[in-house]
Amino acid sequence: MKIKMGWLVLVISQGILLGACSFGQPDVQQEESESVTRPSVESKVVAQDLSIPWSIQKQDDVFYITQRTGGIVEMKDGKKSVVKTRLSKPLSDRPEAGLLGFVLHPDFETNKQAFVYYTYGDSDANYNRVVTLKRTANEWTEEKVLLDRIPSGQYHQGGRLEIGPDHKLYITTGDATRQDHAQDLSFLGGKILRMDLDGGIPSDNPFKDSPVYSYGHRNPQGLAWNGDGELYETEHGPNGYDEVNLIKAGNNYGWPKITGDEKEESMISPLAHSGEPSWAPSGTDFWNGDVVFAALAGQSVKRFDTETGEVTDLLTGFGRVRDVLVEGDTLYFVSNNTDGRGIPRENDDKLYEVDLKSVMKEE
C-alpha cells in the first residue's frame, strides 16, 4: 500500500526561460536576463567546480560523477578527485555530446567494472557507443565495446544508462535529429535499448535479435523503476511537450507522429507532458512512490504524482539540473549551469544534498 505525504512546492520566479526545442533543433533554453534565483530550501554542497556533470552514481560512501568534458569525479570523505578515463575513441565536443551515462556493475566491489555511454568522432561521422570500463589504480580504462555506432547528430544524443531489476542494461538513445527514423526498428536512435550485461541480446526482448525495447522516442534521458518493477521514462519534446512515460516492451511512443495529447492507433501517448514552456527533463528516480526528475529548462527538480498525474516543482533555485539520485529520504542532484545554456554561479557546477523530510516539515 502506498502512503501519500504532503509536500512543499517551492516557487521562485525571478529567472524566466525562453525557447525550447523545435523539430530539428537543440534542446536550447536561454535566460532572459542575468538574474539568478536563490534556493529557498536548506541544502549541502557535496562537491563543486564540476565540469558539465551528467550522471551520478553512489557506492557506499563514494560518489561517481561523469563530466561531459571527460574524466569521472570521485568524491569520498569530502575529498574530490577527477579520475582519467582512457577511452579507445576521442570524445566528441558537439553540443549535448561527450561522456554521458554511467552505471556501476552490480558486482563492482569485486570486479571494479562499470558501463559508460559516450559520443566520439570517427573518420566519417560522430557516433555513440556503450562500453565497459575497469577501475585500475589510477584510471578508468575502456575494456569492451558492448554496442557501437549508435546514431549521433549535432543534437539529441540520449545517453542514460541504468540497470533494471531484471539485471539487464537499459540504454536511452536520441533520434540524432533524424526524427522520422525513430519509427524505424533497424535504426538504433530514438529508442530505449535493453541488453545483457555482457552485451548479448536478451531472448525475451520484444523484437527478435534486436536490442530495441521501445521506440518512437525523441531524446529520452531519464529511466527509473518503481517498487512494482514498472519502468518510467522522461524525454525531451519539440518546442516544449516534454514527456513522462510508462514504458512497456515493444510499445511505440509516437515520435514524431504524435506529441502531447495527440493520439493515434498503436501509439502510446504520455502520462504527462509539459506543454509550453519546456521542462527539458533529464535524470530520474523514485521517492515516496512518485517520479522525481531533473529539469534543465525548468531549472528545478520536479515530481510526477503517479496517482493524480500532476507534475509540480519539488525544489527550485539551483539553476539547471541534470541528474538526480534518491537514497532513502535524501536527494542528491547535480546542477548544469556550465553547459553553455545557463548562468554559472560561483564554483559551479555542484553536487547538492537535500533532506526531503525537512522539505515536508516546511509545508
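Checked against the criteria, residue 123 counts as under 15 Å from residue 91 (Cα atoms) and either in contact with a helix residue (DSSP H, G or I) (Cβ under 7 Å, 6 or more places away or on another chain) or at pLDDT below 95 (or both). Checking the stated criteria, residue 216 turns out not to satisfy the condition of being closer than 18 Å to residue 115 by Cβ, in contact with a Gly (Cβ under 7 Å, 6 or more places away or on another chain) and among the small types (Gly, Ala, Ser). Taking interchain pairs and intrachain pairs at least six residues apart, which have beta carbon atoms under 6 angstrom, with the first residue in segment 229-250 and over 20 Å from residue 287 (Cβ atoms) and in contact (Cβ under 8 Å) with a residue 24 or more places away in the chain and the second surrounded by fewer than 22 Cβ atoms within 10 Å (Cβ to Cβ) and of a type in the set (A, V, I, L, M, F, W, C)? Qualifying pairs under 6 Å: 238/23.
For residue 339, are the conditions met, namely being acidic (Asp, Glu) and over 21 Å from residue 78 (Cα atoms)? When the stated conditions are applied, residue 339 passes them. Scanning segment 326-353 for residues that are more than 16 Å from residue 43 (Cβ to Cβ) and among the charged types (D, E, K, R) gives 339, 341.
Candidates are the residues of segment 218-240 that are surrounded by fewer than 22 Cβ atoms within 10 Å (Cβ to Cβ) and under 23 Å from residue 177 (Cα atoms); the one that is farthest from the chain's Cα centre (by Cα) is 239.
For segment 36-68, the tally of residues that are within 18 Å of residue 317 (Cα to Cα) and of a type in the set (Gly, Ala, Ser) stands at 3. Within segment 272-285, residues that are more than 8 Å from residue 236 (Cβ to Cβ) and modelled with pLDDT of 95 or more have Cβ atoms under 6 Å from residues that are assigned to a strand (DSSP E or B) and among the basic types (Lys, Arg) in these pairs: 282/322, counting only partners at least 6 apart in sequence or on another chain.
Within segment 336-358, the residues that satisfy the criterion of being in contact (Cβ under 8 Å) with a residue 40 or more places away in the chain and crowded, with 19+ Cβ neighbours inside 10 Å are 336, 338, 339, 341, 342, 348, 349, 350, 351, 352, 354, 356. Condition first: part of a loop (DSSP other than H, G, I, E, B), touching a helix residue (DSSP H, G or I) at 6+ places or on another chain (Cβ under 7 Å) and not small (Gly, Ala, Ser). Can you find one or more residues in segment 345-354 that meet it? No. Can you confirm whether residue 301 is touching a Leu at 6+ places or on another chain (Cβ under 7 Å), touching a residue at least 40 places away in the same chain (Cβ under 8 Å) and hydrophobic (A, V, I, L, M, F, W, C)? Judged against the criteria, residue 301 is not a match.
For segment 117-150, residues that are of a type outside the set (Asp, Glu) and out of contact with any Ser or Thr (no Cβ under 7 Å at 6 or more places or on another chain) total 16. When 329, 261, 313 are checked against the criterion of being surrounded by fewer than 23 Cβ atoms within 10 Å (Cβ to Cβ), free of Cβ contacts under 8 Å to residues at least 40 places away in the same chain and among the acidic types (Asp, Glu), a single residue qualifies: 261.
Is it the case that some residue within segment 275-286 is surrounded by fewer than 20 Cβ atoms within 10 Å (Cβ to Cβ), closer than 19 Å to residue 162 by Cα and of a type in the set (A, V, I, L, M, F, W, C)? Yes, the conditions are met somewhere in segment 275-286. Of the residues 91, 104, 87, the single one that is within 18 Å of residue 170 (Cβ to Cβ) and not aromatic (Phe, Trp, Tyr) is 104. Residue 164 meets the conditions (1) crowded, with 17+ Cβ neighbours inside 10 Å; (2) in contact (Cβ under 8 Å) with a residue 40 or more places away in the chain; (3) of a type in the set (Gly, Ala, Ser) in every case but one. The failed one is (1). Listed here are the strands (runs of 3 or more DSSP E) enclosed by segment 36-99 that have at least 3 residues being surrounded by 15 or more Cβ atoms within 10 Å (Cβ to Cβ) and under 20 Å from the mean Cα position of the chain (by Cα): 53-59, 62-67, 72-76. Screening segment 169-215 for residues that are within 14 Å of residue 158 (Cβ to Cβ) and of a type in the set (Gly, Ala, Ser) and picking the one that is surrounded by the most Cβ atoms within 10 Å (Cβ to Cβ) gives 190.
Output the residues belonging to segment 118-174 that are in a loop (DSSP other than H, G, I, E, B), of a type in the set (Gly, Ala, Ser) and either in contact with a Lys or Arg (Cβ under 6 Å, 6 or more places away or on another chain) or more than 18 Å from residue 56 (Cα to Cα) (or both). Passing the criteria: 123, 125, 137, 152, 153, 174.
The values are calculated or read from the model by the stated rules, or taken from the named source; none is laboratory data. Given the structure is predicted, the values throughout are model-derived calculations rather than measurements. Heads up, the Cβs are rebuilt from the backbone with ideal geometry, glycines too, and the neighbour counts pull from every protein chain shown.
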